[in-house]
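Before any comments, here is the structure.
The values are calculated or read from the model by the stated rules, or taken from the named source; none is laboratory data. Treat the numbers as computed from the prediction; the structure is a model and nothing was measured. Note that we place each Cβ from the backbone using ideal geometry, even for glycine, and neighbour counts take in every protein chain shown.
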DNA sequence: TTAAATTGATTGAGCGCTCGGTCAGTTTAA
DNA sequence: TTAAACTGACCGAGCGCTCAATCAATTTAA
C-alpha cells in the first residue's frame, strides 16, 4: 500500500528529527500494522509483532510513535488517504460519459472491492481510538461522501438529474457510500451469489432505476416535463 | 433488555445444574455486559467489572461462562434475539395496509433507531469472537435479511410489486437491512439533519421510488402492462 | 424432631502471565 | 567527536481465570 501523506504525519509526534526517515519508517510501520490488524485484529496484535514485521526493534517503534493507539490512527489515516486517492483517480474515468453517476458508482464500488479488508478494518477498530482521533476518522468518512454530494449536486444543477432537494442529495450520497461498504462487510455472503460486476450492475439499477424508470432517472429527466 | 431464549443457552456450557438459575444469572450477566460493552467496548471492560455490575462475584461469573468471549457471544445472541423479536412484532402492524413494504421498512427502521447502540456493538465486536461463533452471529444477520426476502417474494408473487428476479429481491432485502444499520452507525452525523421520521420518509422514497415512480413501484405495478 | 451429612451455589484473594512502554547502552554517519 | 538512530533486556501494571474455603438449603438417619 502506498502511503499517501495525510494529516496524521503532523499530529503524531516523533522523537526522530529526520523528516524523511520519519516518513520511511512510518511507512514500514503502517504496512506491517495493516497486515497484522487485518489478520488478527488490533487487540490481538502486540507491539512487538508490529515492530518485528516492520523490521525494527520495539524501542525504535516508540521513537516514531507514542503509543499503540498512535499506530492505529496512522493506519486509519493511511487507509483513508489511499481510498480517497484511488476514488479521486478512478472518478476521472467516470466523468465525460453519458451516465456520469453510474460511472462513479462503478469506480467507487471497484475501489471498495479491492480494499475490502482495509475498509472493514477501519469500521471495526475506529471505536478503539481515543475520541479526538475517532472524530477525525469519522470526518474522513464524511469527506468521501462529500465527493458524491458534490457530484450529485452538479448533475442536478445541469439538469442531468431531476431536481432533488439538499436532504435527498445528502442521503443518496450516504447510500452510495454505504452500499459500497456493504459489499465489504457482507462479502462473505454476497460473494456466493454475485461477482463484483453483478453487484455493481444490480445496485446501479437500484440506485438509478432500471430503464423502466427509477428514483433518479438520469436519462429521462430532460425530456420529461 | 428482555432476554429472549436463543441458541446460545445450549452452546455455552455452565457448571451450575439448576437451569432456572442459569437463565436468571445469565440474564444479569448479559444486561451488565451490554451496558459496559456499549459504554467502553469489549476490550476495555474487565471481567471484574462485568461481575460487579451483575451483582455477583468474579468466581461465580465463571460458573456460568467459560471465558470472557462467552460473555460476548451471549450478548450478541441476546441482542439478535431481541431485534428479531421486535422486528417480528413490529411487522405485524405493517401487514394489511396498502403499502406493506413501506410499512415494514418503517417498523424495521424504528427498531434500528431504538436499538442503535446494540446493533453498533454487534457490528464492532463480532470480529473478536472465535470463528465458530462469529459464523453464528453472521448467520443471524442473514436470518433477518431473510424476513425481507420472504416479504418481497410474496409481494412480487401476488403482483403487488413488479416482477423481480431472485438476485434483485435478495439484494433489495440486503439494502433494506443495511440502510437500517446505516442509521445506527452514521447517526452521529445524520442525526444533525434528520429526525428518524425524516430518515424513514426519504429512504422509503428512495427504495420504493417517489410518487413519480421508482425502482420498485408498488402502486403502479398492477395497472401497467 | 433434629442433628449430621451432603449438595451445590457463592465468594474473593491471588496466581501466572502478557504486553505496552522504558532506558542504559551500542552503532552509525557526518 | 558527537549527535542522532537504534537495540533489546527489562519493568510492572493489569487482567483473565482459578480454587480453597464458606454458606445456604436439602436430604438422611437415628
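Points to keep in mind about this one:
This table checks each residue for (1) within 16 Å of DNA strand C (Cβ to nearest atom); (2) in a helix (DSSP H, G or I); (3) out of contact with any strand residue (DSSP E or B) (no Cβ under 8 Å at 6 or more places or on another chain).
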residue: B:64; (1), (2), (3): yes, no, yes
residue: B:84; (1), (2), (3): no, yes, yes
residue: B:105; (1), (2), (3): no, yes, yes
residue: B:112; (1), (2), (3): no, yes, yes
residue: B:125; (1), (2), (3): no, yes, yes
residue: B:139; (1), (2), (3): no, yes, yes
residue: B:162; (1), (2), (3): no, no, yes
residue: B:171; (1), (2), (3): no, yes, yes
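- Every condition in (1) under 30 Å from residue B:107 (Cα atoms); (2) more than 11 Å from DNA strand D (Cβ to nearest atom); (3) touching a helix residue (DSSP H, G or I) at 6+ places or on another chain (Cβ under 8 Å) is met by residue B:89 except one, and the failing one is (3).
- Count - residues of segment A:17-56 that are within 11 Å of DNA strand C (Cβ to nearest atom), at pLDDT below 95 and not in a helix (DSSP H, G or I): 1
- Within segment B:8-24, residues that are closer than 21 Å to residue B:69 by Cα sit with their Cβ atoms under 6 Å from residues that are within 12 Å of DNA strand D (Cβ to nearest atom), at 6+ positions apart or across chains, in these pairs: B:12/B:70; B:14/B:64; B:15/B:63; B:16/B:63.
- Among the residues making up segment B:165-176, those that are surrounded by 14 or more Cβ atoms within 10 Å (Cβ to Cβ), without any contact (Cβ under 8 Å) to a residue 40 or more places away in the chain and facing chain A (nearest Cβ under 9 Å) are B:167, B:168, B:170, B:171, B:174, B:175.
- On inspection, residue B:173 passes the criterion of being in contact with a helix residue (DSSP H, G or I) (Cβ under 9 Å, 6 or more places away or on another chain) and at pLDDT 95 or above.
- For segment A:61-78, residues that are under 14 Å from the mean Cα position of the chain (by Cα) and in contact (Cβ under 8 Å) with a residue 60 or more places away in the chain total 3.
- If you go through segment A:193-214 and keep only what is modelled with pLDDT of 50 or more, within 8 Å of chain B (Cβ to nearest Cβ) and assigned to a loop (DSSP other than H, G, I, E, B), you end up with A:194, A:209.
- Members of segment B:47-73 found to be within 14 Å of chain A (Cβ to nearest Cβ) and either surrounded by fewer than 17 Cβ atoms within 10 Å (Cβ to Cβ) or more than 7 Å from DNA strand D (Cβ to nearest atom) (or both), listed by number: B:69, B:72
- The set of residues in segment A:146-164 that are surrounded by 19 or more Cβ atoms within 10 Å (Cβ to Cβ) and either under 22 Å from the mean Cα position of the chain (by Cα) or within 12 Å of another protein chain (Cβ to nearest Cβ) (or both) comprises A:148, A:149, A:151, A:152.
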